[in-house]
Amino acid sequence: MVKKIDTYRKTAIIVGVLFISATVTSILSSIFLGSTLNTPISLIIVNANEPSVMITVILELIAALSAFGTAFSCIPSLKSMLKV
């Protein structure tokens, strides 16, 4: 019984860290891209803000991977709880 609780605790910590990282990276990416999105979209503006756009793309990729990892990490716990 103790081993099962330790497993759920480790899973909960992993899911929590992934969830927080997905949230933080999503917020940071909107901060970096905010000024670019407030102006009419044209390639000149995007090209002028290339470093900001690249940082945003990397942060969004991290957020997407963290969100996927959160869902994927929940599967073992949910599978064992939903067995009839």
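Note on segment 32-60: residues that are at pLDDT 85 or above and either out of contact with any helix residue (DSSP H, G or I) (no Cβ under 9 Å at 6 or more places or on another chain) or not in a helix (DSSP H, G or I) (or both) total 1. Residues K3, K79, K10, K83: which one is at pLDDT below 80, basic (K, R) and part of a helix (DSSP H, G or I)? It is K3.
Residues of segment 59-82 being within 17 Å of I13 (Cα to Cα) and buried (at least 17 other Cβ atoms within 10 Å of the Cβ), which ones? S66, A67, G69, T70, S73, listed by residue number.
The values are calculated or read from the model by the stated rules, or taken from the named source; none is laboratory data. As the structure is a prediction and not an experimental result, all values here were calculated from the model. When we count neighbours, we look across all protein chains shown, and the Cβ atoms used for this are built from the backbone with ideal geometry, even at glycine.
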